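The values are calculated or read from the model by the stated rules, or taken from the named source; none is laboratory data. As the structure is a computational prediction, the values presented were derived from the model and not from experiment. Cβ sites come from the backbone with ideal geometry, for glycine too, and all protein chains shown count toward neighbours. SASA here: full protein model, heavy atoms, side chains in, ligands and nucleic acids out. Shrake-Rupley method; radii C 1.70, N 1.55, O 1.52, S 1.80 Å.
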Amino acid sequence: MEKKVKKDPSQMRHGYTTGACSTAVTKAALTALITGDALEEATISLPIGRDATFTIEKYDISENAVSAETIKDAGDDPDATHLAHIISTVSWSDAPGIILDGGTGVGRVTKPGLPVPVGEAAINPVPRKMILTTVQQTLEEFKINRGVKIVISVPAGEEIAKKTLNGRLGIVGGISILGTRGTVVPFSSSAYMASIVQAISVAKASGCEHLVLTTGGRSEKYAMGLLPDLPEEAFIEMGDFVGFSLKQCKRQGIKKVSLVGMMGKFSKVAQGVMMVHSKSAPVDFGFLSEIAQSVGADDDLVLEIKNANTASQVGDMMSAINNFDFFNKLCESCCHSAINQVKGGIEMETAIYSLKGQLLGRAVGIESID
């Protein structure tokens, strides 16, 4: 079989955000409503200071309203909304000013803590400003002084939203209209990091003072079993962004944080690595062997750990001899690394699980580095 060639990130094609697409179809629909002409393209200004032109795939024109549609192109980014159909329906309004709302497939905010008030369509501030500014400029260009209503729809939005964190954030019924740049950078971490910040904000606004940061869905499931009294909002998937997530918790005044994950990533956290992607830093087997030695592992086992291939393998070695003091001490080291990362001010606890869901070790109530 022919080996798949990885693309050079610098050569990857950038795409456009749902906010940029919504702005473009709104401009196209409004122009058609004013002039009666269905243009094949619409050009808008992006927040990053350049223009972008979008192909308009379809129009639906009536006497009092026009709908325009484009297909979102996320470029080479594996975006959940790639190829989604974005529609804007623009109509005249008897009320003065510009009304912007979400239709089918655009979520609605039900929990506080997000940059959009409860009850409103999940159209974030930058896309909202882009749309409203573009509409105002178009009305002024054609010397029109009438009220306008805009409804943004994404027909497949409710299904797409299942692949996002919207449900956890309290955004129901569809996706969010997002984007601070207007463009999508391939494989950027900005969107995921933004979702972490929002999740912490929602939890804080819901009254949570104790948050649980997990590395993925499986560890989150185990965490919910460990801490069943906490509300769903308190559980946040931080992925590989341990340091970033901890700093956001500190910034937003969270008093207590639990880290829940597995041996592979948390062996890195214990040694002070705060970005735990597989390519971010190697596991320090010398560090793990020192912990093993400190809890009574014999010389042969210490040497085996020094020569191990993976952190999970080390975990299996220590589990096999029922030396759970090793995992407890590793959890303590994770807490100390976390406290050092945020320079104190947060009570930490850590729990490490096996892949099968066995609680291997735990450290609780750690507020300072001893």
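Quick check on the stretch 91-109. Is at least one of its residues in contact with a helix residue (DSSP H, G or I) (Cβ under 6 Å, 6 or more places away or on another chain), under 24 Å from Ala194 (Cβ atoms) and of a type in the set (Lys, Arg)? No, every residue in the stretch 91-109 fails to be in contact with a helix residue (DSSP H, G or I) (Cβ under 6 Å, 6 or more places away or on another chain), under 24 Å from Ala194 (Cβ atoms) and of a type in the set (Lys, Arg).
Can you find, within the stretch 182-211, the residue that is modelled with the lowest pLDDT among those that are more than 16 Å from the chain's Cα centre (by Cα) and of a type outside the set (Ser, Thr, Tyr)?
Checking each candidate, the answer is Gly182.
Of the numbered criteria (1) within 16 Å of Leu33 (Cβ to Cβ); (2) touching a residue at least 24 places away in the same chain (Cβ under 8 Å); (3) open to solvent by 20 Å² or more (accessible area, probe 1.4 Å), the one Asp73 fails is (1). Scanning the stretch 81-96 for residues that are open to solvent by 40 Å² or more (accessible area, probe 1.4 Å) and either closer than 24 Å to Gly36 by Cα or touching a Gly at 6+ places or on another chain (Cβ under 9 Å) (or both) gives His82, His85, Thr89, Trp92, Asp94, Ala95, Pro96. Only one of the numbered conditions (1) in contact with a Phe, Trp or Tyr (Cβ under 7 Å, 6 or more places away or on another chain); (2) open to solvent by 40 Å² or more (accessible area, probe 1.4 Å); (3) touching a residue at least 40 places away in the same chain (Cβ under 8 Å) is not met by Met224, and that is (3).
Note on the stretch 36-60: residues that are part of a loop (DSSP other than H, G, I, E, B) and surrounded by fewer than 16 Cβ atoms within 10 Å (Cβ to Cβ) amount to 8.
Candidates in the stretch 337-366 are the residues that are in a loop (DSSP other than H, G, I, E, B) and surrounded by 15 or more Cβ atoms within 10 Å (Cβ to Cβ); of these, the one that is modelled with the highest pLDDT is Ile346.
Looking at Glu63, is it open to solvent by 60 Å² or more (accessible area, probe 1.4 Å) and modelled with pLDDT of 95 or more? In short, no. Which of the residues that make up the stretch 99-115 are open to solvent by less than 50 Å² (accessible area, probe 1.4 Å) and among the aliphatic types (A, V, I, L, M)? Hits for the stretch 99-115 are Leu100, Val106, Val109, Leu114. Pairs are defined by a Cβ separation below 6 Å, a sequence spacing of at least 6 or placement on different chains, a first member in the stretch 100-118 that is at pLDDT below 95, and a second member that is hydroxyl-bearing (Ser, Thr, Tyr) and surrounded by fewer than 19 Cβ atoms within 10 Å (Cβ to Cβ); the pairs so defined are Gly113/Ser201. Whenever a residue of the stretch 319-342 is acidic (Asp, Glu), its partners that are open to solvent by less than 60 Å² (accessible area, probe 1.4 Å) and not in a helix (DSSP H, G or I), lying with C-beta atoms within less than 6 angstrom and at least six residues away or across chains, give the pairs Asp325/Val295; Glu332/Ala363.
Please find, within the stretch 245-265, the residue that is most open to solvent (accessible area, probe 1.4 Å) out of those that are assigned to a helix (DSSP H, G or I) and at pLDDT 95 or above.
Narrowing the stretch 245-265 to residues assigned to a helix (DSSP H, G or I): 245-251, 263-265.
Next, from what is left, pick out any that are at pLDDT 95 or above: 245-251.
Working: Ser245: 0, Leu246: 2, Lys247: 93, Gln248: 20, Cys249: 0, Lys250: 80, Arg251: 165 Å².
Result: Arg251.
Within the stretch 199-212, residues that are within 7 Å of Ile236 (Cα to Cα) sit with their Cβ atoms under 7 Å from residues that are open to solvent by 50 Å² or more (accessible area, probe 1.4 Å), at 6+ positions apart or across chains, in these pairs: Ala199/Leu165; Ala199/Arg168.
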